[in-house]
Amino acid sequence: MKKQAVFLVLITLLIFTKAFSQSNLNNSECAILNPENFNKVIDGKQVGLFFLKNGNLTAAITNYGGRIVSLCAPDKNGQTADVVLGFKSIDDYLNATGVYHGAIVGRVIGRIAKGTFELDGKIHPLPINNGVNHQHGGLKGFHNQVWDVKTVTDSTLVLSYISVDGEMGYPGSLKVEATYQLTSNNELSLKLLATTDKTTIVNLTNHAFFNLAGEGNGSILDHILTIPSNYFCAVNPDKIKTGEILKVAGTPFDFRKGKFIGVDIGLEKSNEQLNFGGGYDQSYVLKKKKSNKIVLAATVVDPKSGRKLEVLTNNLGVHFFSANFFKGNDIGKMGKPFHYRESFALETQDYNSPNQISFPTIILKPGEKYESYTIYRFSCLK
C-alpha cells in the first residue's frame with residue numbers, strides 16, 4: 001500500500017508539473033492545486049489527483065468519486081478561468097455540505113420513491129437518504145467510492161469500480177469503467193461503460209457544477225441557455241418523476257430558442273413545477289428511443305466572457321439544475337463560497353425512474369453493455 005501511495009503521488013506530481021508548465025499562469029484565474037492535498041487512504045484505497053491537458057483546456061480529476069475537481073478554459077480574450085466548482089483538498093470534499101460536486105453518480109441518478117423498486121417480480125429496498133426517498137445511489141453511492149486508476153496519460157484518465165451485489169441495495173455485481181479524455185478540439189469527454197452478472201438497473205451521470213464566468217464569480221442567471229427539447233418530465237413535491245411528460249411550449253421550461261436562465265426563474269411562485277424544484281430541477285427529453293447517436297443536449301453562453309459550452313450525449317435526456325439550495329457554506333478552491341444560483345448542472349442521463357413503466361427502461365442484463373457518452377465542448381464567441 002505504501003509503494004502504491006508513493007507511486008500515485010509521483011505520477012500526479014509529474015503530470016501536474018508538465019501540464020501547468022505549459023499553461024500561461026500569468027493570464028489565469030485557475031487555482032494551482034497541490035496533489036499532496038489529495039493523498040489520502042479511504043476505505044483502504046489510495047486517493048490521488050490527476051492532471052490532464054490538451055488544446056486550450058486543462059483538467060484535474062480525483063479518483064475519489066471520479067470527480068472533476070478543476071476545468072480551466074479560456075475566454076474571448078485568452079483569459080483562463082476555472083469553470084467547474086471544486087475544492088482544494090480531499091478533506092474539503094469529505095467535509096462539504098454539497099456532496100456531489102463533480103462526481104460520477106450512481107448506481108441510479110435521481111430520486112427513487114420511498115427507496116424501493118420492483119425488478120423481475122421482486123421488491124428491492126434501498127437506503128433512504130433524501131427525506132423518505134433514495135437519492136443518487138445512496139450515502140455510499142459511486143460519488144463516495146474510491147475508484148481504481150487503470151490508465152493515466154497527458155490527456156486521458158481511465159478509472160474503474162466494481163459495485164458488488166447488494167451494495168446500497170442494488171442487485172448484481174456491476175463493473176464500471178469511466179474514461180475522461182481532453183481532446184484537441186477543446187472537449188472534455190466522459191465515456192461510462194458497465195456490465196453486470198445479474199439483472200439490475202443502472203443510470204449514471206457526472207454531476208459537475210459549472211459557472212462559465214469562473215468558480216465563485218457571481219450569478220449564472222445572466223448565462224444564456226439553449227435546450228433543444230420539446231418536452232420535460234413532470235415531478236411531484238418530492239421531485240420524483242410522475243411519469244407525465246409535459247410540453248415546454250408556453251412554460252418557463254422552454255429554452256428551445258435560447259434565453260437568459262434568470263428570465264423566468266422568478267415564476268416559481270406561480271408555476272407548480274418551478275415551485276416543486278425551488279427553481280429549475282427537471283429532466284428534458286432529448287429522444288424517445290435508445291440509440292448510441294450523439295445529440296446536442298444543451299448550449300450555455302456567458303455573454304461577458306464569451307465562453308460557450310456545448311453538452312452532447314447519447315443519453316435520452318438531460319437534467320438541468322440551477323443550484324437552488326446552495327447557501328455559501330462551502331468554500332471552493334478559489335477561496336470563494338458557493339452561493340445560491342451561482343452555478344448550474346447539466347446531467348446527461350436517461351430520463352427514467354425505475355418505478356415508471358411508461359418510461360424507457362434502465363434495466364441492464366447479463367451479456368449487455370451499458371454505454372453513456374458525454375462531451376463538454378468549449379469555444380468562445382467572437
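The values are calculated or read from the model by the stated rules, or taken from the named source; none is laboratory data. It should be emphasised that the depicted structure is a prediction, and the values quoted were computed from it without experimental measurement. Neighbour counts run over all protein chains shown; Cβ positions are idealised from the backbone, glycine included.
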- Which condition number does Asn324 fail, the rest of (1) over 22 Å from Tyr351 (Cα atoms); (2) surrounded by fewer than 17 Cβ atoms within 10 Å (Cβ to Cβ); (3) in contact with a strand residue (DSSP E or B) (Cβ under 7 Å, 6 or more places away or on another chain) being met? (1)
- Breaking point among (1) part of a strand (DSSP E or B); (2) touching a strand residue (DSSP E or B) at 6+ places or on another chain (Cβ under 6 Å); (3) within 24 Å of Ile240 (Cβ to Cβ); (4) not small (Gly, Ala, Ser), for Glu118: (2)
- Message: Only one of Thr80, Thr156 is of a type in the set (Ser, Thr, Tyr), in contact (Cβ under 8 Å) with a residue 12 or more places away in the chain and out of contact with any Phe, Trp or Tyr (no Cβ under 8 Å at 6 or more places or on another chain). Can you tell me which?
- Response: Thr80
- Message: Take the residues in segment 78-101 that are out of contact with any Gly (no Cβ under 8 Å at 6 or more places or on another chain) and closer than 23 Å to Arg377 by Cβ; name whichever of them is surrounded by the most Cβ atoms within 10 Å (Cβ to Cβ).
- Response: Tyr100
- Picked from segment 47-77 (must be of a type in the set (Gly, Ala, Ser) and surrounded by 19 or more Cβ atoms within 10 Å (Cβ to Cβ)), the residue farthest from Ala96 (Cα to Cα) is Ala73
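Yes/no per residue for (1) at pLDDT 95 or above; (2) of a type in the set (Asp, Glu):
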residue	(1), (2)
Asn95	yes, no
His101	yes, no
Gly121	no, no
Pro127	yes, no
Asn133	yes, no
Val149	yes, no
Leu157	yes, no
Asp165	yes, yes
Met168	yes, no
- Message: Please pick out the residue among Leu267, Leu246, Leu286 that is of a type in the set (A, V, I, L, M) and either within 21 Å of Gly214 (Cβ to Cβ) or within 21 Å of the chain's Cα centre (by Cα) (or both).
- Response: Leu286
- Could you please find all residues in segment 221-263 being among the charged types (D, E, K, R) and closer than 19 Å to Asn275 by Cβ? Asp238, Lys239, Lys241, Glu244, Lys247, Asp254
- Quick check: anything in segment 257-269 surrounded by fewer than 16 Cβ atoms within 10 Å (Cβ to Cβ) and touching a Phe, Trp or Tyr at 6+ places or on another chain (Cβ under 9 Å)? no
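So that you can scan it fast, the table gives a plain yes or no per residue for (1) within 19 Å of the chain's Cα centre (by Cα); (2) β-branched (Val, Ile, Thr):
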site: Asn133; (1), (2): no, no
site: Leu139; (1), (2): yes, no
site: Gln145; (1), (2): yes, no
site: Thr156; (1), (2): yes, yes
site: Val164; (1), (2): no, yes
site: Glu167; (1), (2): no, no
- Message: Looking only at segment 144-163, how many residues end up being part of a strand (DSSP E or B) and among the acidic types (Asp, Glu)?
- Response: 1
- Scan segment 304-317 and give yes if some residue there is surrounded by 17 or more Cβ atoms within 10 Å (Cβ to Cβ), acidic (Asp, Glu) and over 17 Å from Leu221 (Cα atoms), otherwise no. yes
- Message: Give all pairs with beta carbons closer than 6 Å in which a residue from segment 235-254 that is part of a loop (DSSP other than H, G, I, E, B) meets a residue that is small (Gly, Ala, Ser) and surrounded by 16 or more Cβ atoms within 10 Å (Cβ to Cβ); count only pairs at least 6 apart in sequence or on separate chains.
- Response: Ile240/Ala113
- Message: Would you confirm, using the coordinates I've provided, whether Gly138 is surrounded by fewer than 22 Cβ atoms within 10 Å (Cβ to Cβ) and either of a type in the set (Val, Ile, Thr) or closer than 15 Å to Gly110 by Cβ (or both)?
- Response: no
- Leu274 being modelled with pLDDT of 95 or more and in contact with a helix residue (DSSP H, G or I) (Cβ under 6 Å, 6 or more places away or on another chain): yes
- Query: In this structure, is Gly44 buried (at least 17 other Cβ atoms within 10 Å of the Cβ) and small (Gly, Ala, Ser)?
  - Reply: no
- Query: Within the set of pairs 6 or more residues apart or between chains, which connect a residue that is within 15 Å of Ser163 (Cα to Cα) inside segment 104-130 to a residue that is surrounded by fewer than 18 Cβ atoms within 10 Å (Cβ to Cβ) and of a type outside the set (A, V, I, L, M, F, W, C) with Cβ atoms less than 8 Å apart?
  - Reply: Leu126/Thr116; Leu126/Gly169
- Query: Within segment 224-240, is there a residue that is surrounded by 14 or more Cβ atoms within 10 Å (Cβ to Cβ) and in contact with a Pro (Cβ under 7 Å, 6 or more places away or on another chain)?
  - Reply: yes
- Task: Give the residues of segment 305-341 that are farther than 28 Å from Asn37 by Cα, of a type in the set (Gly, Ala, Ser) and over 16 Å from the mean Cα position of the chain (by Cα), sorted by residue number.
- Result: Ser305, Gly306
